[in-house]
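> This is the structure I want to talk about, given as structure tokens.
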Amino acid sequence: MTMQSSSESRIAWDSQAALRQPARPKKAKPFKSYRNVFWSVVITYIAYALLNIDVASVHALIGGVLVAILAFVPVYLWCIGKLPGLPIFPAAALAYSWTFALPLITNQRQIALYEASAKLEAALTAALFLLVGTVVYSLVVRLAYQPPVKYLAIPRTYPNAVYLMSIILCSVYQMALTAQVFNIPRDFIGVANAAYLTASTFSVFILAHRWGQGGLGKPVKVVFVAAYLALTMATLTSLYLVGAMTIIAITIGAYTIGRSKLPVVLTVLCVALLGFLHIGKANMRLIYWRVSHEGITIFDYPTFYLNWADSGLSAVSAIFRPEAEEEGSSMGLHERVSLAQMTLLVQSQSPEPVPFLMGQTYTIIPRLLLPRFVNPDKATTHEGTYILSIAYGLQTREESTTTTIAFGFLAEAYANFGFVGVVGLGFVIGASFGIAARWGRGVPLTSLRGLASLLVLFAAIQNEHTAAVSIATLVQTFAILLLFAVLLMKPERRVPTRNVPWLDREPAA
């Protein structure tokens with residue numbers, strides 16, 4: 001009886017003591033959610049690869065699997081919290097799973113032309129870059145870090161309407177360009193496009209991220225969706241899918257980070273829609289590029305997209321016709337974004353018969369950093385790409401003015417310095433992306449530091465460019481960001497939040 005009373009008294013005392021003590025904040029557990037997203041993506045990737053696998057090419061298959069594993073490793077490390085900050089290098093590495101690994105696994109037509117040993121060498125080259133980049137990025141981003149106490153940021157009092165208006169204005173700008181309402185002078189087109197790109201991507205990312213965190217009301221969601229669709233449709237009228245693909249990837253990524261959950265249905269629908277638009281794109285270009293027209297106005301959109309839908313349906317029906325193979329059907333979406341064949345091309349011809357370029361595509365970068373209105377004789381930002389195309393006999397100087405061939409960072413690095421260039425690229429990319437991820441930690445996404453990190457993240461997923469294009473674009477957008485900082489941002493003090501410490505997400509609006 002005494003023992004029972006003592007036990008009951010102790011339980012009561014423990015309960016009272018627990019009430020008296022300040023409640024411990026629950027430890028954020030996002031890792032399980034992010035792991036679930038990660039494994040969902042991996043399973044989907046494996047299923048697609050198995051449906052298109054080419055077991056006849058063992059060397060390409062082994063190499064593709066190796067590259068895919070190393071492409072997913074940084075993403076997994078980020079998902080479990082081992083790589084803090086925005087997933088800049090993980091996003092860049094993930095891009096290699098479809099631009100390099102998947103074309104090797106499926107042994108696409110352009111890759112099938114090369115010998116087995118060449119395919120394995122190209123895969124090992126990509127694997128070397130990913131391995132070096134992952135190690136360097138991990139070392140840099142995990143160094144001891146103290147978030148800044150003060151920083152410049154767009155005030156939290158700014159309503160969502162500011163970002164909505166930005167998207168609407170960007171939509172109007174893009175519509176006016178495609179309708180040829182006005183012609184921007186050549187000296188200012190780069191600055192205007194940089195301002196458009198910066199404002200649209202930032203606004204889309206911030207609103208999608210807030211939506212994922214539950215910070216948008218229903219009216220804001222409706223207006224956001226309408227403005228977003230207008231921006232995407234205006235972007236697609238150029239008949240270049242890369243702009244729309246970037247916007248969609250940014251939106252899904254921002255929502256996933258905020259929600260800790262991948263919108264599976266939306267992602268599948270977007271991929272299916274982009275695939276459908278891609279297969280009908282070739283015929284649309286025959287109609288709209290080879291025939292003189294006065295631009296596409298908003299009143300032409302219904303006819304324009306009905307024609308695109310008809311072209312897509314015709315291309316789909318052609319797939320099931322026996323003669324489609326003989327006619328040479330257009331490449332699939334994963335073949336269009338492939339960069340593996342460019343590395344194969346460069347390695348098969350360098351250093352013999354094409355000698356290493358010894359930095360020719362890099363030495364032009366300083367000349368590209370000044371805007372054209374300051375330097376009227378400035379070369380085009382794609383000059384590095386043209387140097388590569390001409391060196392490897394893909395284009396003449398005249399042909400390069402009308403068509404641009406995507407080489408990517410990896411092929412460019414090998415073309416300049418061989419394997420030394422590949423290792424150097426991994427070190428530079430890993431270190432610079434790590435510094436950018438660290439710089440944006442512990443501050444809101446709407447801060448100068450946070451938005452600067454976002455800029456690098458956006459550049460990281462576009463690995464089809466050469467270094468000159470990426471760096472020149474980053475410098476232009478950084479300049480626009482600094483202008484935004486002067487006009488819109490104010491000093492703020494860091495307010496500790498209960499958000500995930502390794503990601504430091506922006507508080508819900």
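The values are calculated or read from the model by the stated rules, or taken from the named source; none is laboratory data. Being a predicted model, the structure only gives us computed values, none of them experimental. Don't worry about glycine lacking a Cβ; one is built from the backbone with ideal geometry, like all the others, and counts go over all protein chains shown. The protein model used for the area step is the full one, side chains on, heavy atoms only, and it has no ligands, DNA or RNA in it. Shrake-Rupley method; radii C 1.70, N 1.55, O 1.52, S 1.80 Å.
> Which of the following residues is under 21 Å from the mean Cα position of the chain (by Cα), among the hydroxyl-bearing types (Ser, Thr, Tyr) and outside any helix (DSSP H, G or I): Ser453, Ser338, Ser432?
Exactly one residue qualifies, and that residue is Ser338.
> Testing Thr198 on (1) at pLDDT 85 or above; (2) buried (at least 17 other Cβ atoms within 10 Å of the Cβ), one condition comes back false. Which one is that?
Against the list (1) at pLDDT 85 or above; (2) buried (at least 17 other Cβ atoms within 10 Å of the Cβ), Thr198 comes up short only on (1).
> Given the criteria closer than 28 Å to Val181 by Cβ and either of a type in the set (A, V, I, L, M, F, W, C) or at pLDDT below 85 (or both), does Leu274 qualify?
yes
> Residue under question is Glu121, and the condition is that it be in contact with a helix residue (DSSP H, G or I) (Cβ under 7 Å, 6 or more places away or on another chain), open to solvent by 10 Å² or more (accessible area, probe 1.4 Å) and of a type in the set (Asp, Glu); does it hold?
Taking the combined requirement at face value, the residue satisfies it.
> Sticking with this one: Within the stretch 229-245, work out how many residues are crowded, with 17+ Cβ neighbours inside 10 Å and either without any contact (Cβ under 8 Å) to a residue 24 or more places away in the chain or assigned to a helix (DSSP H, G or I) (or both).
Looking only at that region, the number is 11.
> Out of everything in the stretch 435-450 that is assigned to a helix (DSSP H, G or I) and open to solvent by 10 Å² or more (accessible area, probe 1.4 Å), what residue ends up being nearest to Leu487 (Cα to Cα)?
Going through the qualifying residues, I end up with Leu448.
> Name the residue that is nearest to His209 (Cα to Cα), counting only residues in the stretch 456-470 that are open to solvent by less than 20 Å² (accessible area, probe 1.4 Å) and in a loop (DSSP other than H, G, I, E, B).
Filtering the stretch 456-470 for residues that are open to solvent by less than 20 Å² (accessible area, probe 1.4 Å) and in a loop (DSSP other than H, G, I, E, B), the one nearest to His209 (Cα to Cα) comes out as Asn463.
> So, one more: Between a residue in the stretch 437-454 that is farther than 11 Å from Met489 by Cβ and any residue that is surrounded by fewer than 23 Cβ atoms within 10 Å (Cβ to Cβ) and basic (Lys, Arg), which pairs come within a Cβ distance under 6 Å, given they are 6 or more apart or on different chains?
So the pair list comes out as Trp439/Arg449; Gly440/Arg449; Val443/Arg449.
> While we're on this one: Against the condition part of a loop (DSSP other than H, G, I, E, B) and within 17 Å of Val140 (Cα to Cα), how does Leu83 come out, does it pass?
Taking the combined requirement at face value, the residue satisfies it.
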